[in-house]
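Report on the following structure.
The values are calculated or read from the model by the stated rules, or taken from the named source; none is laboratory data. Values in this document were obtained by computation on a predicted structure and should not be read as measured data. For neighbour counting, all protein chains shown are included, and Cβ atoms are generated from backbone atoms with ideal geometry for every residue, glycine included. What goes into the accessible areas is simple: the full protein's heavy atoms, side chains included, and nothing from ligands, DNA or RNA. Shrake-Rupley method; radii C 1.70, N 1.55, O 1.52, S 1.80 Å.
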Amino acid sequence: MLKALLFLVFLASVNLSAAQAANAPARLALVLVNFSYASAADNLPGARRDGDEIERALKEPRLGFNVTVRHNQTRVQMQQEIETFYQALKQAGPEAIGFLYYAGHGASDANGTDNFLLPVDVADVTAAAPDSVGLGVRRITDRLAYLDQPKAVMIVIDACRT
């Protein structure tokens with residue numbers, strides 16, 4: 001419920017009229033949803049529902065987001081999608097707005113200094129060494145920090161811990 005409330009606050013802040021949307025800067029969204037993992041015990045049907053809701057909301061014409069959705073990505077695929085998202089934001093110009101959403105399993109490294117997004121090809125999310133199989137959130141945010149182009153980039157990580 002809190003997640004839905006926070007998202008509604010976000011939507012209210014970016015809501016555009018049809019006239020404004022026609023003249024608005026680029027609004028790019030990447031929605032990554034991992035719900036079907038290598039081990040059936042790790043599957044997350046709720047992540048799929050959450051991702052579908054986020055996708056529907058962002059695709060509302062009055063919001064003006066160009067949405068790319070990817071389901072059940074391997075580590076390499078996730079890296080490629082995030083890189084493509086970075087490049088699209090870079091090319092969109094200084095007024096662009098980005099929105100990155102991830103739903104799926106997450107984990108922390110042994111020191112608790114970084115969080116990791118776990119791809120679907122992880123054999124067992126509870127036994128995985130996240131820093132060797134996952135994508136570090138710090139690396140993602142650091143990379144975005146070097147993009148001085150976008151006006152704003154919002155990142156929502158909806159990752160469960162097993």
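Of note:
- Among the residues making up segment 36-79, those that are of a type in the set (S, T, N, Q), under 13 Å from the mean Cα position of the chain (by Cα) and not in a loop (DSSP other than H, G, I, E, B) are Thr68, Gln79.
- Members of segment 62-76 that are farther than 10 Å from Val31 by Cβ, in contact with a Leu (Cβ under 9 Å, 6 or more places away or on another chain) and open to solvent by 30 Å² or more (accessible area, probe 1.4 Å): Arg62, Gly64, Asn66, Arg75
- Qualifying residue in segment 126-145 (condition: of a type in the set (A, V, I, L, M), open to solvent by less than 40 Å² (accessible area, probe 1.4 Å), within 18 Å of Leu30 (Cβ to Cβ) and modelled with pLDDT under 90): yes
- Criterion violated by Gln91 - all others in (1) polar (S, T, N, Q); (2) surrounded by fewer than 17 Cβ atoms within 10 Å (Cβ to Cβ); (3) not in a helix (DSSP H, G or I) satisfied: (3)
- Hey, Val153 farther than 21 Å from Ala47 by Cβ, open to solvent by less than 60 Å² (accessible area, probe 1.4 Å) and either touching a Leu at 6+ places or on another chain (Cβ under 9 Å) or among the aliphatic types (A, V, I, L, M) (or both) or not: yes
- Selection count, segment 116-128, where residues are more than 14 Å from the chain's Cα centre (by Cα) and in contact (Cβ under 8 Å) with a residue 12 or more places away in the chain: 8
- Close Cβ contacts (under 7 Å, 6 or more residues apart or on different chains) running from residues in segment 129-143 that are under 11 Å from Arg75 (Cβ atoms) and part of a strand (DSSP E or B) to residues that are open to solvent by less than 10 Å² (accessible area, probe 1.4 Å) and not charged (D, E, K, R) comprise Leu135/Met78; Leu135/Leu117.
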